[in-house]
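Heads up: the structure comes next, in C-alpha cells.
The values are calculated or read from the model by the stated rules, or taken from the named source; none is laboratory data. If you're wondering where the values come from, they're calculated on a predicted model, not measured in any experiment. In this analysis, Cβ positions are derived from the backbone assuming ideal geometry, glycine residues included, and neighbour counts consider all displayed protein chains. Note: accessible area is taken over every heavy atom of the protein model, side chains too, but ligands, DNA and RNA are not part of it. Shrake-Rupley method; radii C 1.70, N 1.55, O 1.52, S 1.80 Å.
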Amino acid sequence: MVSGCLLHQLCDVLIFNHDPPRCVGCEDCGGPSHCGTSCSALVSENVRGYDVCTSLGHASSTKVDIIDKEDPGKGVIVQMSTGNRNQNCSLSVSVICQKTKVDGPLTLAKSGTCQYATQLRHPAGCAAAISGHSSGWGWFSTLLIIILCLFGAYLVGGAVYRYFSLGIRGIDVIPNMDYWATVPHSIQSCFGSLFSRFGGSIRGQQTSYSQVNF
C-alpha cells in the first residue's frame, strides 16, 4: 500500500473484490491476512519501509449529522471511531452536497495521534425534500376521539353511580335510558323528513314540465 493511503466505507465494513491490503498492525480489523474485512475505515502509513495499518472506525460506531444546522442542504458529516480505550482513533468524512458529479476525497488531515478528517463532494450529501403534510384526519380525528372518550366516561360513571348508589339493576343502570331509547326513532324521523322534503321538490320539478304536441 502507498504511504498515507486512506480506505473507508461509509455504510458498512470494507469489501475488497481483489487485492486486499497487506500490512501489519491490523489486528482489530481482520488481521494481517484479512485486513479491512471487519472495520469501516483504516489508514496505512509507511514506517521504516513497512506498511502499517491503523483501524479508524467500525460500522457500529458510525454517526451521521448535518454539517450546518442553519443550512441543512450544505451536506452531512459521517463520524466513526474504534472505541479503543488505549488508542481511540477516529475518522470524520464531510460529504459536501454536489448534485452533478462526485469529487474526492480531496484532502486528508490528521490531528492528534490518529484522528483523521477528509471531505468529498457527492449527491448523497444533498438534502431531500419531504412533504410535511401528514396523512389521516388530523385535528378532526383528535376531536372525535376526545368526544368518544368523554361519552364513554359519562356512560361508565353514570352506570357505576346508579348501580352502587341507587341500587338499580339490569339495563336501567344506563343513565338516561329513556332518552337513548328514543334516539333511533328520532334519527329515523329526521332522515324521513329530509327525504320527503328533497324528494317532494324533485318530483315537483319533474311534474312542472309537460310534453307539448304540435
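Would you call LEU106 in contact (Cβ under 8 Å) with a residue 12 or more places away in the chain, assigned to a strand (DSSP E or B) and either in the same structural domain as CYS35 (by the TED database) or not hydroxyl-bearing (Ser, Thr, Tyr) (or both)? No; evaluated as a whole, the condition is false for this residue. When THR113 is tested against (1) open to solvent by 30 Å² or more (accessible area, probe 1.4 Å); (2) assigned to a strand (DSSP E or B), only condition (2) is not met.
So that you can scan it fast, the table gives a plain yes or no per residue for (1) farther than 26 Å from ALA124 by Cβ; (2) open to solvent by less than 30 Å² (accessible area, probe 1.4 Å); (3) in contact with a helix residue (DSSP H, G or I) (Cβ under 6 Å, 6 or more places away or on another chain); (4) at pLDDT below 75:
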{"residue": "MET1", "(1), (2), (3), (4)": "yes, no, no, yes"}
{"residue": "HIS8", "(1), (2), (3), (4)": "no, no, no, yes"}
{"residue": "ARG22", "(1), (2), (3), (4)": "yes, no, no, yes"}
{"residue": "HIS34", "(1), (2), (3), (4)": "yes, no, no, yes"}
{"residue": "SER40", "(1), (2), (3), (4)": "no, yes, yes, no"}
{"residue": "HIS58", "(1), (2), (3), (4)": "no, no, no, no"}
{"residue": "PRO72", "(1), (2), (3), (4)": "no, no, no, no"}
{"residue": "ASN88", "(1), (2), (3), (4)": "yes, no, no, no"}
